[in-house]
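Notes follow once the structure below has been shown.
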Amino acid sequence: MPAPFSWIRPEPWGIHVVPADAWVDPSRPVERALVTHGHADHARGGHGQTVATPETLAIMELRYRTGAQDEAGEIPHKAVPVEYGESITLPGDVQATYFPAGHVLGSAQILLEHAGERIVCTGDYKRRADPTCPQFEVVPCDIFITEATFGLPLFTHPPIAEEMAKLLDRLAAHPDRCVLVGAYALGKAQRVIAELRAAGHHDPIYLHGAMEKMCRLYEEHGVDLGELRLVSDHTKDDMRGSVVVSPPGALNDRWSRRLPEPITAMASGWMRVRQRARQRNVELPLIISDHADWGELTRTIEEVDPVETWITHGREDALLRWCQLHQRRARALAMVGYEDEDD
Amino acid sequence: MEEFAALIDALVYTRSRNEKLRLIAEYLRATPDPDRGWALAALSDGLDFPAVKSSTIRNLLKDRVDPVLWTLSRDFVGDTAETASLLWPAPEHPPSPPTVGEAVELLEGMNRKSVFVDLPKLLDRLDASGRYALLKLATGGMRIGVSSRLAKTAFAQAFDVSVEEVEEYWHGLAPPFPELFAWAAEGQAPPDMANLPTFRPFMLAHPLEETVVDLADYVAEWKWDGIRVQLVRAGDETKLFSRSGDDISATFPELLDVLPFPAVLDGELLVRGSHQGGEANDVTQGGAASFNALQQRLGRKTVSKKMLAEAPAFVRLYDALLIDGEDLRALPWTERRKRLEALMARLPDTHFDLSRVVEARDFDHLAEIREGSRDDAIEGLMLKRKDSPYIAGRRVRYWYKWKRDPLLVDCVLMYAQRGSGKRSSFYSDYTFGCWDGDPDKGAELLPVGKAYSGFTDEELKKLDRHVRQNTVNRFGPVRETDKSLVFEVAFDSVHESKRHKSGLAMRFPRIHRIRWDKPVHEADRIEALKALIRD
Ligand SMILES: [Zn+2]
Ligand SMILES: [Zn+2]
């Protein structure tokens, strides 16, 4: 009998599921990729076959044109959709089941089963309710492979309603200006818009051109974002008193000169730390994250209660320390290519 | 405390100077005494509570949070007070928050032992923003890009009084400044300064540039290369102040018992030596050492006997503001000069001499004298209108400074970067800027150049410490400072450049001198630098 868990091998460029010769979130092209969600540090183009939720596959198609034909008119990439709660059998007698991770549209934790052993790869996740994707489910397992993006005890994300109130108060106080919210194009932007709607803000919201396609994709998947308009189609005066959403990179860019005296906001978990906000010249920091905060990370480990916890990326030192203090077996995987871009 | 915490947060996230002024002024108008006075003190000169140190906060937290997790968090945030404010385990039902006045009173009552019991109780009453504001206030360094001058300007703006007048009273009053608010906000009589040895703001000079003055109306004096000081005696106490109004009495104890009557005198602090003033065998003036020798004595809290013997200090007098309690400031310069000359007989020549007037036939002759002055340590000439009263600040047409080397400007340190090689652990590459207008009217600093030479290893250590202690922002290897330090920058020439936002580029800039004593709003403007373009 082989040693326990010898069928799974963490490598710097992905987690190798040996009997199936499949890789979870590989950072280099492979024959068979199991992808947790559409963020660039987890989903990349160039794989032979991608197993992911239909929403994640649609996002990858939009970003990498994975469904494009080659010169011979064939589609070389094979997309294998798996719904939440559905299982797929991979070669080598490995079962893969996808569960909601609550991170962004289509995000999944992947449960891998082989020889009676259970391993869960979370990709990225959060525990809070999010109107744009189903909520995280606790999946019991032997090895729990978790992220640790906000793995420091100082990170506690406030309730999102508080942050929305901050944004709307500032907007109301400056009816001649606009609030420009920097938010990542996949996930954060749509969540901010959906939460604004939930908070009762029904005015048109203006988008940077780079946001449009992803918002439309969310709408096609049943997420109601209300009336969206493109900044490029409107004048300064149209946008007074409005919320404008752009990628973070455009916040201090020439592009923002077309806006009516924008108040610069940024929606990110890093906004918890003042220097981080100042570095981006942010006037209105909004602490909004699509990742688990410290309390959620540690609570999740307790609830899943695995034999061993593996930590993929983020502030793994602190989470390792917590595991040690709580007599839990844990190890940090030295993964490369995972960034905190999608915070 | 909530309003104060909200103000601090708003200031942290505000870049515009005008907006900062508006926020502080609004707070000062809306907040009752004594809270606003304590807030003003915290924002300007800072408050000092000896029982609360950074190490106190660290120790408190290490009792409540795992030390490894504390260190990892502290390293990530880069600021002890902020890390503590975020990690403090708040009670489920916090008692009501204190006012600023109450918090100050409690902090004042703490000693090194009780602080470990009482500070936690205070922290328990605040949310994360409140804890941040409290800890910043308690440890004395807000470091939120608000200078003392800016806070005073905001005060003046809030109550529509002049900032010079605020400066005049400021140095004689203590937080929470009830007399200052009573005067400015309630319209009561101004505070009485007569029996207090307080700093009076200096009268300053404009750069001469292209102006030509008529020597029938103006008198010329050497501009000595020491530091400008004010020696004040009132109520049987003598104090020595630097240009920025800092009390430097302890650094020069030999000057504290040589002024035998009440007076306020303006002069150049020098140490004895053979350089300055020795030229032309002038018997009216003793020699002084180079600025370097004086520098050895600056910034020390205590002075050794040896140093007092080797480099004794004296004051070369320029002007008299008050003598025997009589305020001379409204009198013309000629009249003040007469009084000052008459005064010399009453002063010991071991510690005082008179800065002599430079005689010239006309302006061209004066230019000749200026060019010909070989003494390295003469900075140039001062031109003072004979009928000028002594007025705080820089007034057009009254006083001019005519620096000998035209290619020297005063710039403000903005960014610092680590050096390379053996300097790699020091912030040794400096970017500095000049004002794009009047700094008191909302001008911003624009970078004009970079330098990494012109200072000694000792000075490098001090600069490195300054950068680390005054960082407001980090960009990779670069730190942005709170823009509180002036460099006198020497350079070969200056040219127009599209590459820089200021539109200017300097050739071979180097740090000529570090002006620890000079307030930043007195640094040069971009226009001054533009006037030096020669191509
Ligand atoms: Zn992600
Ligand atoms: Zn990630």
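The values are calculated or read from the model by the stated rules, or taken from the named source; none is laboratory data. For clarity, every value in this text was computed on a predicted model and none was experimentally measured. Note that each Cβ is placed from the backbone with ideal geometry, even for glycine, and that neighbours are counted across all protein chains shown. Areas reflect the complete protein model, heavy atoms only, side chains present, ligands, DNA and RNA absent. Shrake-Rupley method; radii C 1.70, N 1.55, O 1.52, S 1.80 Å.
Can you work out the FRET efficiency for the pair B:D324 and B:D192, with r the C-beta to C-beta distance and R0 = 22 Å, to the nearest 0.05?
According to the calculation, E is roughly 0.80.
Each residue of the range B:122-132 in turn: what ³J(HN,Hα) in whole Hz from Karplus with 6.51, -1.76, 1.60 and θ = phi - 60°, glycine and Pro shown as x?
Along the range B:122-132, the couplings run 6, 4, 4, 8, 10, 8, 4, 5, x, 5, 4 Hz.
If DNA, RNA and ligands are ignored and the probe is 1.4 Å, what is the ranking of A:D317, A:D224, B:D464 by accessible area, most exposed first?
My answer, sorted largest first, is A:D224, A:D317, B:D464.
Compute the distance in nm between two label points, each set 7 Å from the Cα along the Cα-to-Cβ direction, one at B:R394 and one at B:S162.
If labels sit at B:R394 and B:S162, their model points lie 1.7 nm apart.
Check each of the GluC sites (Glu not before Pro) in the range A:1-64 and keep only those in coil by DSSP with at most 13 other C-beta atoms within 10 angstrom; list them in order.
A:E31
For the range B:203-403, with only Lys/Arg (+1) and Asp/Glu (-1) charged at the beta-carbon, what is the dipole magnitude about the Cα centre, in debye rounded to 20?
Around 520 debye, computed over the range B:203-403.
I need the Kirkwood Rh of chain B: take the reciprocal of the average 1/r across all distinct C-alpha pairs and report it in angstrom.
That comes to 25.2 Å for chain B.
List every residue whose amide H lies under 5 Å from the amide H of A:I15, counting only residues 5 or more places away in sequence or on a different chain, with H placed 1.01 Å from N in the peptide plane.
A:V24
Subtract the Cα-Cα distance of A:D142 and A:Q279 from 0.36 nm times their separation in residues, and report this length gain in nm to one decimal.
Gain on stretching A:D142 to A:Q279: 45.2 nm.
Find the sum over both chains of the accessible area lost when B and A are paired, probe 1.4 Å, and report it in Å² to the nearest 100.
For chain B against chain A, roughly 2300 Å² becomes buried.
Pick from A:R254, A:R28, A:R127: which is most flexible by mean-square fluctuation in a GNM of chain A where alpha carbon atoms under 10 Å apart are linked?
Residue with maximal mean-square fluctuation among A:R254, A:R28, A:R127: A:R254.
Using the Karplus curve 6.51 cos²θ - 1.76 cosθ + 1.60 with θ = phi - 60°, what ³J(HN,Hα) values do you get for each residue of the range A:148-160, in whole Hz, with x for Gly and Pro?
8, 3, 9, x, 9, x, 6, 8, 10, 7, x, x, 5
Within the range B:204-232, find all residues whose amide N lies under 17 Å from a label point positioned 7 Å from the Cα of B:K386 along Cα-to-beta-carbon.
B:213-221
What are the trypsin sites (Lys or Arg not before Pro) within the range B:310-382 that DSSP puts in a loop, where the Cβ has at most 11 other Cβ atoms within 10 Å?
B:R361, B:R374
Among A:T56, A:M239, A:G106, pick out the residue whose Cα is farthest towards the positive end of the charge dipole of chain A, where Lys and Arg carry +1 and Asp and Glu carry -1 on C-beta, about the Cα centre.
A:M239
For the range A:1-22 and the range A:274-325, write down the distance between their C-alpha centroids in whole Å.
That distance is 26 Å.
May I ask you to give the percent of accessible area on chain B that is carbon plus sulfur, with a probe radius of 1.4 Å?
The value for chain B is 49 percent carbon and sulfur by accessible area.
For the range B:407-530, with every protein chain kept in place, what is the accessible area per residue (1.4 Å probe, Å²)?
Per residue, the range B:407-530 has 45 Å² of solvent-accessible surface.
How big is the range B:203-403 in terms of Cα radius of gyration and Dmax, in angstroms?
Gyration radius and largest Cα-Cα distance of the range B:203-403: 16.5, 48 Å.
Can you give the Kirkwood hydrodynamic radius for chain A, in Å, rounded to one decimal and based on Cα pairs?
Value: 20.9 Å, from the Cα pair sum.
Return one whole number: the accessible area per residue of chain A in Å², for a 1.4 Å probe.
On a per-residue basis, 39 Å².
With θ set to phi - 60° and the Karplus curve 6.51 cos²θ - 1.76 cosθ + 1.60, what are the ³J(HN,Hα) couplings of the range B:436-448 in order, to the nearest whole Hz, using x for Gly and Pro?
Working through the residues one at a time gives 8, x, 7, x, 7, 10, x, 5, 10, 8, 10, x, 10 Hz.
Please report, in Å, the Rg and the Dmax of the range A:84-138, where both are computed over Cα atoms only.
12.0, 38
Quantify, in whole percent, the carbon and sulfur part of the accessible surface of the range A:230-285 (1.4 Å probe; protein heavy atoms only).
The nonpolar share, carbon plus sulfur, comes to 36 percent.
Taking the Cα centre of chain B as origin and charging only Cβ (+1 Lys, Arg; -1 Asp, Glu), how large is the dipole, in debye to the nearest 20?
Dipole about the Cα centre, nearest 20: 1720 debye.
Over the C-alpha atoms of the range B:132-291, what are the Rg and the largest Cα-to-Cα span, Dmax, in Å?
Radius of gyration, then largest Cα-Cα span, for the range B:132-291: 19.7, 61 Å.
Can you pull the one-decimal nm distance between simple spin-label points at A:H234 and B:T350, each 7 Å off the Cα toward Cβ?
Label at A:H234, label at B:T350, 7.9 nm between them.
Under a 5 Å amide H to amide H cut-off, with H placed in plane at 1.01 Å, what residues pair with B:F352 once short-range neighbours are removed?
The list, which skips near neighbours in sequence, is B:V315.
Mind listing P(r) for the range A:160-286? All alpha-carbon pairs, 10 Å bins, whole percents.
The distribution over the range A:160-286 is 13, 50, 33, 3, given as percents.
Which entries in B:K20/B:K301; B:K53/B:K518; B:K152/B:K498; B:K306/B:K401 show an alpha-carbon gap greater than 31 Å?
Checking Cα-Cα distances, B:K20/B:K301; B:K152/B:K498; B:K306/B:K401 exceed 31 Å.
Averaging over all projection directions, find the projected area of the Cα convex hull of the protein assembly as shown and quote it in nm² with one decimal place.
Averaged projected area of the protein assembly as shown's Cα convex hull equals 44.3 nm².
Out of the range A:147-247, which GluC sites (Glu not before Pro) are coil in DSSP terms and have no more than 10 other C-beta atoms within 10 Å?
Passing both the DSSP loop test and the Cβ count: A:E227.
How big is the charge dipole of the range A:160-286 about its Cα centre, in debye rounded to the nearest 20, if each Lys and Arg gets +1 on its Cβ and each Asp and Glu gets -1 on its Cβ?
660 debye
Of the options A:I288, A:W310, A:V273, report the single residue whose Cα projects farthest towards the positive end of the charge dipole of the range A:244-332 (beta-carbon charges: Lys, Arg +1; Asp, Glu -1).
Value computed over the given set: A:V273.
What are the extents of the Cα atoms of the range B:43-176 along their three principal axes, listed from largest to smallest and rounded to whole Å?
Between the extreme Cα coordinates on each principal axis of the range B:43-176 lie 51, 30, 27 Å.
Do any residues of the range B:64-85 show a loss of at least 10 square angstrom of accessible area between the isolated chain and the full protein assembly, using a 1.4 Å probe, and if so which?
Listed in order, they are B:D66, B:V68, B:L69, B:L72, B:S73, B:F76, B:V77, B:E82.
Around B:G273, which amide H atoms from residues at least 5 apart in sequence, or from another chain, sit under 5 Å from its own amide H, with H modelled in the peptide plane?
Answer set, sorted by chain and number: B:G287, B:A288, B:A289.
Among bridges DSSP assigns within the range B:203-403, what percent are antiparallel (round to 5)?
Percent antiparallel among DSSP bridges in the range B:203-403 is about 85.
With both partners inside the protein assembly as shown, how many of the DSSP beta bridges are antiparallel, as a percent to the nearest 5?
About 70 percent, rounded to the nearest 5.
Could you work out how far apart the two model spin labels at B:E108 and B:K305 are, taking each label as a point 7 Å from the Cα in the direction of the beta carbon, and quote it in nm?
It works out to 4.0 nm between the two label points.
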